[in-house]
Every structure is written in C-alpha cells, then in structure tokens.
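Participant: I'd like to ask you about the structure that follows.
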Amino acid sequence: MIAAAPAPETVAALTGALDLFGVAVFAASGALEAARKRMDLFGFALMACVTGVGGGTLRDLLLGAPVAWVAAPATLGVCVGVAAIAFVAAPWTGRWTGGGRRALLWFDAVGLAFAATASAGKAFALGAGPSIAVAMGVVGATFGGVIRDVLGGETPAVMSREVYVTAALAGALAYAALRGAGETPAGVAGFAVAFLVRAAGLHWSLSLPRFEGGGEAA
Amino acid sequence: MIAAAPAPETVAALTGALDLFGVAVFAASGALEAARKRMDLFGFALMACVTGVGGGTLRDLLLGAPVAWVAAPATLGVCVGVAAIAFVAAPWTGRWTGGGRRALLWFDAVGLAFAATASAGKAFALGAGPSIAVAMGVVGATFGGVIRDVLGGETPAVMSREVYVTAALAGALAYAALRGAGETPAGVAGFAVAFLVRAAGLHWSLSLPRFEGGGEAA
Amino acid sequence: MIAAAPAPETVAALTGALDLFGVAVFAASGALEAARKRMDLFGFALMACVTGVGGGTLRDLLLGAPVAWVAAPATLGVCVGVAAIAFVAAPWTGRWTGGGRRALLWFDAVGLAFAATASAGKAFALGAGPSIAVAMGVVGATFGGVIRDVLGGETPAVMSREVYVTAALAGALAYAALRGAGETPAGVAGFAVAFLVRAAGLHWSLSLPRFEGGGEAA
C-alpha cells in the first residue's frame, strides 16, 4: 500500500497548486521589474500579469488551443494580488536585493520547472510530436520572462542567464523521454531535472559559454 | 417620444464610427512616435497600423475570436491614411508639441474610452465572465500603445502616465456593472466613465503614486 | 513541350525548398544579432528560431490558421542548426562584417521575396481579399526581423532600411495583381519584383526619404 501510486485527485490538486504557484512567482519577478522601473500600481499589475501568464499564453496561441487563463480568471487574480503585495512591501525588502531577491530566484526555479514540464505535457495532450512538445516546454517556461524584459527595456535575461533555457529544455526533454512510462513519473522526472539543472546554475552561478567574438559590449 | 431609445441602426452607425475614430487616433499616436524616431513613410505606416489595431488584435487572439480588422480591411486603410497625412503634415505641426499634441491627447481619450467599453462588450458577447471582460477592456484600450512604445524603444508609457490604465479599467468596470440594465446604457456609461477619468488625468496631470523605493532612475 | 508549365510536384518541391531557405536566412540574421549581443548558445538558438519563424507565425495567428511550423517541426530544426553553425563559425567571419555580412543580405533578399509572395498566397488561399493578402505579405516578410530587433534592444531596422518593406509590399502587390493569370506566374512575378526592388535597394543603398522634422536623433 505504501508504494501505491497517488490518487488521481491528489495529482490534479498538486498540479493545479503548482501551476498557480508558478504563475505567482513569475508574476513576482514581473513586479520586481516594475519596482526597478519605478512604475505605478497599474504598471506593477500589468507587468505581473504579463510575466505570470505570458509564456503560457504564447504556448496556447501557437498550439491553437484556448488560452488557459481566459478560462480560469483566478489566474489573473493571483497576478494582481502578487502585484499589490509587491507594491506595498517593496520598500521594506531592501531594494529587492539580498535575501528577498535570492529567495525569489529559488521560487522562480520551481515555477520554471513546473511550467516546462506542464507545457510539454499540454502540447503532447493536444497531439504534438516530441520536438514541438519540447519547444513548447521552453516557450511556456521562458517567454513570460522574455516579455517582461522587453517591456522593461532590457535585453532578455534568459538568453544569457545561468542555464535558464537549458533547465527548461532539459526538463522538457526528460518528460518527453519518459512519457511512455506514464504521465506521473514522467512529470515528476521532468520537474526534478529542470529544477536540479536550474538549482545547479543558481548555486554555482553557472553560465553557458557566451559568444566572445567581436560583438558589442553587452 | 422624446425619451425613446435610439434606433438600433443609429447605435450601430455610431458604434462603427467611434470604432474607426478610435483606430485613427491610436494610429496617429503611432505616427507621432514614428516622427520622433525619424522613420520613413513605411515606418510611419507600420507604426500607425500596429498602434491602431494592436490592442484589438491581442484582445481577439486571447479570446480565440477572428481578428476584427482582418475581416474589415478598411481599418488598415484608415491607419495608412493617417500615416500618410502625418508624414506630410508633420513638419508643419511645430514638432508635434503644443496645440497639436494636446489635441491628439484629447482625441486619444475618446479612442481609449471607446476601446475599453467595446472590448469588454466583445468579451461578454463571446461568453467571457466579468473579470475577463474587464481585463479585455484594459487590453484592447492599452496594448496598441504598449506595442508602439516597445517598437519605438521606449518603456511603455501607459504604465506610468496620467491614469491611462486606470481610465480603461474604470470604464470597463462601469460597463460590466451596468450591463444588466441593457447594452446601450451600459456602453454609454462605460464610455463616459473612462473618458471622464482620463480627462481628469489630462486636465490636472494626475498620476498614481509611483513606487519610489530603490529602483533605477526612470 | 518546351513551353509547358512545370509539373505540380516540381513547383511544390521548389516552393518547399525556398520556404526552408527563407527560414534559414532569416534565422541566420537572428543568430547574427545574437552574436552582436554576445549571447550564449541558447540565445543564438532562440534568436534564430524567433527570427526564422516569427513573421510566418504572426501571419498565421492573424489569419486564424494553424501555425505552419508547429505542423512541420523540421522548420525549427533548420533554425537550431543555423544557430549552431553560426555560434561555431562566428569568430572566423571577421565580426560578421565585410563579405559574410554582404552575402547574408543577398540571401536575405531571397528569403524576403519568397516570404512576401508565399504569405500573400496563403492569405488568398484562406479566403482573404487582396488588401489583407498584401498586408499579410508584408507581415510574413518583415515581422521576424521586427521581433529580432525588439529582442535585441534595437529600433526595428525594417522601418528605415533600404526599401525593405517597400520590396515586400511591391512583391505582394505584383502577386495579387497577377493572380488571375494563375498561381505559378503570379508567384514567379511576385518573387521577382520583391527581389529586384530589394536588390536595387542593396546595390544603390536606396532609402526612402525619412521624416526630417523635429524628431529625436535616431
């Protein structure tokens, strides 16, 4: 009995909770960018919403599926709530650096790992093949951050930051490779691989080699 | 007879005219950005089109509806016409500051008020609930300007400018609240609320409090 | 027999090859931007994919059609392959200036000419009228580059560069005008017109007059 698979409703509840958690931490990173740019409360809300749901929105549009948060309005509520808390709390967090910022990066790794795995799973469920499913894992996990950085006037950080895209790609690949063994083990494996790769990147400040030929100063 | 409701065809004609007027003033603000960046005629046209129809396009994609201007090509014609007029007339308008720019802001308030109300109405008509309809009101009224600013290399102004998003939000909320009383009174109320909030913002240069903790210089 | 029309399978093979060639040269221009910004390998891949398929993706979303590359995953494979080659080869190409960059511009003109004509053709095939079809020709040929420049933090070059949008517009117009004469002659004419206009722009460094009134320094 101890080794029995978890009940389907347990998995569904966990999946739903991780989904909202991922949206919330992505939203928090959007609110952080709004704080850096000294936006007003609605700027915080807009940046939180766009970052929280941006990756999943692009994934759904590319797959021709209904956009998930449009059918689940609580998602935007979570983003707006995060923005409001961030707007009020921001002055006390020591410029969002130090401990608070560090904690956010680790929460963000959880969101990244979940989004990569769940996005690949959604693509498979809609009939996509493995290469498109993996691409959707990367899109779902990273494009919220890309849009956040574009709106904030920055070159997208995911393109050079500590193995961020690498983590999404590794998790989606692990999920796709193990999908034959069942949805739950594949999902757990994808989540774990993405999280561990990103955790290694954060812990040791890993970066992939960047092109160092004659470019512009970054 | 005096208090009779307007005939449906009158409402439809007024709605269609306001829609094109809103597209035209948004397009003009895109052409103004093109002038500031010294683009060529096609840059003017592209900026006018993207700003004129950008908000409605994103709204329609999110709702899974056919994109409105693709079925009504005259919309793009209005944008291109505005761009051509702006390209020719720009040198005479005193750097688009002073009176011309001021007038454009007031016209833009009309476009904003209409887009917020009509976008919320379209979402309701497609079966969305109130919170998504209000979100679509904000998206339809503001994202043309967001895309304009991103293409022009600016941090989106709507995130900090005189109660712009606030006006769209207030109008969409008023429309949603009064929808039970009928489409026409709700639409008039939503339009009036959005316009008056924005007008107050323009007249008294209102801004919401911005986050003033340790951010970057804006 | 000499003047016979080419067999349909020949046309289809040529069309498919030109399509992938166009994606590859657009992808190369994305990888070039990644090199200028000194991104890592995944930055190269992401910029190559977004630039390679961005214009066609927006075109398909606007038309309400399934996104082409989602049904043809080899497309992304071409982009990733181009990115990998560019990442390895970049240090040897003399800062991507000189001959390599010049060659890329000419290849890009082929991609532009094909994308403008094929995008207009796809819009017609989906039931659009001539003005929307021409607009889709411009979108499909230019928006990959627009997204590339936005992600790279640049003001989109197509808005001021040597008759780039003009070439796409001219090709799509020629295709639309000649479509009554048959798909193949119209396609060849559209391709030729777009390529020749762009070639003239490259050869003589043509630019449309830019707005020179009181704007900002570009």
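Participant: Across the stretch A:187-205, what is the number of residues that are at pLDDT 90 or above and not in a helix (DSSP H, G or I)?
Facilitator: Qualifying residue count, the stretch A:187-205: 0.
Participant: So, one more: Can you find even one residue in the stretch B:170-177 that is closer than 18 Å to B:Leu206 by Cβ, assigned to a helix (DSSP H, G or I), more than 11 Å from the chain's Cα centre (by Cα) and of a type outside the set (A, V, I, L, M, F, W, C)?
Facilitator: Looking through the stretch B:170-177, at least one residue is closer than 18 Å to B:Leu206 by Cβ, assigned to a helix (DSSP H, G or I), more than 11 Å from the chain's Cα centre (by Cα) and of a type outside the set (A, V, I, L, M, F, W, C).
Participant: Of the numbered conditions (1) closer than 25 Å to C:Met136 by Cα; (2) open to solvent by less than 20 Å² (accessible area, probe 1.4 Å); (3) more than 10 Å from chain A (Cβ to nearest Cβ), C:Ala83 fails exactly one; give the number of that condition.
Facilitator: Condition not satisfied by C:Ala83: (1).
Participant: Looking only at the stretch B:148-192, count every residue that is more than 10 Å from chain A (Cβ to nearest Cβ), more than 20 Å from B:Leu14 (Cα to Cα) and touching a residue at least 60 places away in the same chain (Cβ under 8 Å) and tell me the total.
Facilitator: Within the stretch B:148-192, residues that are more than 10 Å from chain A (Cβ to nearest Cβ), more than 20 Å from B:Leu14 (Cα to Cα) and touching a residue at least 60 places away in the same chain (Cβ under 8 Å) number 3.
Participant: Next question. Return the residues of the stretch C:112-136 that are over 15 Å from C:Val163 (Cα atoms) and under 13 Å from the mean Cα position of the chain (by Cα); say none if nothing qualifies.
Facilitator: C:Phe114, C:Ala115, C:Thr117, C:Ala118, C:Ser119, C:Ala120, C:Met136
Participant: If you don't mind, another one. So which residues in the stretch B:99-111 are modelled with pLDDT of 85 or more and open to solvent by 20 Å² or more (accessible area, probe 1.4 Å), if there are any at all?
Facilitator: B:Val110 - this is the single residue of the stretch B:99-111 that is modelled with pLDDT of 85 or more and open to solvent by 20 Å² or more (accessible area, probe 1.4 Å).
Participant: If you don't mind, another one. Would you pick out the residues in the stretch A:128-163 that are part of a loop (DSSP other than H, G, I, E, B) and under 14 Å from A:Arg198 (Cα atoms)?
Facilitator: Residues satisfying the conditions are A:Ser160, A:Arg161, A:Glu162, A:Val163.
Participant: From the list B:Thr184, B:Thr166, which residue is part of a helix (DSSP H, G or I), modelled with pLDDT of 85 or more, β-branched (Val, Ile, Thr) and over 19 Å from the mean Cα position of the chain (by Cα)?
Facilitator: Exactly one residue qualifies, and that residue is B:Thr184.
Participant: Which condition does C:Ala174 not pass, out of (1) touching a strand residue (DSSP E or B) at 6+ places or on another chain (Cβ under 7 Å); (2) at pLDDT 90 or above, if it passes all the others?
Facilitator: The number of the failed condition is (1).
Participant: Tell me, yes or no, whether the stretch B:209-218 has at least one residue that is open to solvent by less than 70 Å² (accessible area, probe 1.4 Å), more than 9 Å from chain A (Cβ to nearest Cβ) and modelled with pLDDT under 95.
Facilitator: There is no residue in the stretch B:209-218 that is open to solvent by less than 70 Å² (accessible area, probe 1.4 Å), more than 9 Å from chain A (Cβ to nearest Cβ) and modelled with pLDDT under 95.
Quick grid of which residues meet (1) more than 14 Å from chain B (Cβ to nearest Cβ); (2) at negative phi; (3) at pLDDT 95 or above:
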residue	(1), (2), (3)
C:Thr97	yes, yes, no
C:Ala128	no, yes, no
C:Ala133	no, yes, yes
C:Gly145	no, yes, no
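Participant: Just the residues that are open to solvent by 20 Å² or more (accessible area, probe 1.4 Å) and either of a type in the set (A, V, I, L, M) or in a helix (DSSP H, G or I) (or both), please, taken from the stretch A:112-127.
Facilitator: A:Phe114, A:Ala118, A:Lys122, A:Phe124, A:Ala125, A:Leu126
Participant: Can you tell which of A:Glu33, A:Glu9 is in contact with a Lys or Arg (Cβ under 8 Å, 6 or more places away or on another chain) and either modelled with pLDDT under 85 or within 14 Å of another protein chain (Cβ to nearest Cβ) (or both)?
Facilitator: Of the residues listed, the single one that is in contact with a Lys or Arg (Cβ under 8 Å, 6 or more places away or on another chain) and either modelled with pLDDT under 85 or within 14 Å of another protein chain (Cβ to nearest Cβ) (or both) is A:Glu33.
Residues checked against (1) in contact (Cβ under 8 Å) with a residue 60 or more places away in the chain; (2) among the β-branched types (Val, Ile, Thr); (3) crowded, with 24+ Cβ neighbours inside 10 Å:
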site: C:Ala7; (1), (2), (3): no, no, no
site: C:Leu18; (1), (2), (3): yes, no, no
site: C:Val23; (1), (2), (3): yes, yes, yes
site: C:Ala31; (1), (2), (3): no, no, yes
site: C:Ala35; (1), (2), (3): yes, no, yes
site: C:Arg38; (1), (2), (3): no, no, no
site: C:Leu41; (1), (2), (3): no, no, no
site: C:Arg59; (1), (2), (3): yes, no, yes
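The values are calculated or read from the model by the stated rules, or taken from the named source; none is laboratory data. Predicted model only: the values in this text are computed from it and were never measured. When we count neighbours, we look across all protein chains shown, and the Cβ atoms used for this are built from the backbone with ideal geometry, even at glycine. Areas reflect the complete protein model, heavy atoms only, side chains present, ligands, DNA and RNA absent. Shrake-Rupley method; radii C 1.70, N 1.55, O 1.52, S 1.80 Å.
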